[in-house]
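Report on one structure; see the data block that follows.
The values are calculated or read from the model by the stated rules, or taken from the named source; none is laboratory data. Keep in mind it's a predicted model, so treat the numbers as computed, not measured. Note: ideal-geometry Cβ built from the backbone for every residue, glycine included; neighbour counts use all protein chains shown.
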Amino acid sequence: MFKDDLRSSIDVMVLPMTRAMSWLGITPDMVTFANFGVNLAAAFFLAKGRLIWAGILILFAGVLDHMDGAVARMTNRARPSGALLDSVVDRYSEIVVFFGLLAYFYHLNSNYSFYGVCLVFLAISGSVLVSYIRARAEGLGIECKVGIMQRLERICLITIGILAQGVFQSFYGTLQSEGLILIIVFLILTIGTHLTAVHRLIFCYRQLNL
């Protein structure tokens, strides 16, 4: 319910921009690749420790991720090929952001850097499994959208964590903050993604055995 309300609110907010893109002849695929480019820039800022800029870019990328589908519907260009491209680019976008976070913890050189790197790696594996199980289930004819840590939740949690860590660093400095907020966020993300993966596996297994 909350996600539906959030998506509806985003639809209303981006409607003028969606209309402008449609009028300018910008295709949904262009928006999809722009989304990847923004996430790539966010990963660069993460690696450099510029967390507030990275968080802002990830927020903007999230809006673009929502807009490619809106542009496709508005211009009657919604195609299975576009949906496939969007899904693949979404995975690449998520991975490059995680890579930027790995670089952030690696260069942070704090007492908790090792734990940060491990948690980001575990969160990557959990996120990939969540997406893979859904894709595999759909290939078997099962709609699988269950779980507490789907893509929207992951993006929101990561963005909030990055921005909060960035604000904390601006007051206390990079070394003094030691990435503790992001470590807590990625601990939650790791547990949540793997629980979601197991939940989806059990759900699909039961559906296949009905």
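Name every residue in segment 117-147 that is of a type in the set (Val, Ile, Thr) and in contact with a Ser or Thr (Cβ under 6 Å, 6 or more places away or on another chain), in order of residue number.
Going residue by residue through segment 117-147, those that are of a type in the set (Val, Ile, Thr) are 117, 120, 124, 128, 130, 133, 142, 146.
Answer for segment 117-147, where residues must be of a type in the set (Val, Ile, Thr) and in contact with a Ser or Thr (Cβ under 6 Å, 6 or more places away or on another chain): just Val130.
How many of the residues making up segment 199-210 are surrounded by fewer than 15 Cβ atoms within 10 Å (Cβ to Cβ), assigned to a helix (DSSP H, G or I) and either modelled with pLDDT of 95 or more or among the hydrophobic types (A, V, I, L, M, F, W, C) (or both)?
Pass one, segment 199-210, residues surrounded by fewer than 15 Cβ atoms within 10 Å (Cβ to Cβ): 202, 205-210.
Subsequent filtering for residues that are assigned to a helix (DSSP H, G or I) retains 202, 205-208.
Now narrow it down to the ones that are either modelled with pLDDT of 95 or more or among the hydrophobic types (A, V, I, L, M, F, W, C) (or both): 202, 208.
The qualifying residues number 2.
Hey, does segment 132-150 have a residue that's in contact (Cβ under 8 Å) with a residue 24 or more places away in the chain and hydroxyl-bearing (Ser, Thr, Tyr)?
no
So, in segment 4-55, of the ones that are hydroxyl-bearing (Ser, Thr, Tyr) and modelled with pLDDT of 80 or more, which residue ends up nearest to the chain's Cα centre (by Cα)?
Only one residue fits best here, namely Thr32.
Under the condition of being surrounded by fewer than 21 Cβ atoms within 10 Å (Cβ to Cβ) and of a type in the set (S, T, N, Q), which residue from segment 10-66 is farthest from Gly116 (Cα to Cα)?
Among residues in segment 10-66 that are surrounded by fewer than 21 Cβ atoms within 10 Å (Cβ to Cβ) and of a type in the set (S, T, N, Q), the one farthest from Gly116 (Cα to Cα) is Ser22.
Considering only segment 86-112, state which residues are at pLDDT 90 or above and in contact with an Asp or Glu (Cβ under 8 Å, 6 or more places away or on another chain).
The answer is Asp90, Ser93.
Pairs please, first residue from segment 93-111 and closer than 15 Å to Gly49 by Cβ and hydrophobic (A, V, I, L, M, F, W, C), second anywhere and modelled with pLDDT of 95 or more and not in a helix (DSSP H, G or I), Cβ atoms under 6 Å, 6+ apart in sequence or on different chains.
Listed by first residue and then by second, the contacts come to nothing, as the list is empty.
Just one of Ala72, Ala61, Ala123, Ala78 is assigned to a helix (DSSP H, G or I) and over 22 Å from Ile162 (Cα atoms); which is it?
Ala72
When only residues in segment 141-198 that are among the acidic types (Asp, Glu) and not in a helix (DSSP H, G or I) count, which is surrounded by the fewest Cβ atoms within 10 Å (Cβ to Cβ)? Before the answer, list the steps.
So the first thing to find is which residues in segment 141-198 are among the acidic types (Asp, Glu), and the list is 143, 153, 178.
Imposing the further condition that a residue be not in a helix (DSSP H, G or I) reduces the set to 143, 178.
Details: Glu143: 10, Glu178: 22.
Ranking the candidates gives Glu143 first.
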